[in-house]
1. Set the bar at 24 Å for Cα to Cα. Now go through LYS37/LYS58; LYS121/LYS150; LYS21/LYS58 and name every pair that lies beyond it.
2. If N is the number of residues in segment 87-162, what value comes out of its Cα radius of gyration divided by 2.2 N^0.38 Å?
Amino acid sequence: MAPGFWATEEQLAWLHARVNKFIDAQLTKTHHMFWSKTERAWFLLWPGEDSEADTMKKRLKTWFHNNSAKAGQPAAKIKPFVVPKAHRVPQPLEYYSHEGAYESKIGPAVREEIRANNVPKNEFFNIIRCHTQAAWDAEPDEVKEEVLQKVEALKEAGSSRA
């Protein structure tokens, strides 16, 4: 059986009430002031034996670090999202699939085969590839030429975004 939690309900309520102050201390880099005030207040409210003081200080620090993320990460720690650069122009078959052929022609056949044959997940990609190639082969030459022209235009523009 797991041991009981180290803090009482009253102590937990007190800790939760101070989480935002901890986050503010992180943002303003005033940890030392937060810890001295928090530890002093804790030991005034719940005095313990001197031999337990170091253990309790470690528990308090661990608790605040573990529970501050639930209230929200400090804004200074969050990195802005950057759209990654594409590294290459898609192949004609990839472009064909991503430009609508998958949803209208390839996807339904793939889903049907997976459902009918109870295909394991590690085989999905092979099924998709086979159906994409079959749909590409069945397309008229005009559609293939249009896709090839668009891929060439992407190569010339130096961008892999369609």
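1. Values: LYS37/LYS58 15 Å; LYS121/LYS150 32 Å; LYS21/LYS58 18 Å.
Violating the 24 Å Cα-Cα cut-off are LYS121/LYS150.
2. Working: Rg = 13.9 Å, N = 76, 2.2 N^0.38 = 11.4 Å.
Here the Cα radius of gyration is 1.22 times the empirical estimate.
Each value in this text was obtained by applying a stated rule to the coordinates, not by laboratory testing. The model shown is predicted, which means the values in this text are computed figures rather than measured ones.
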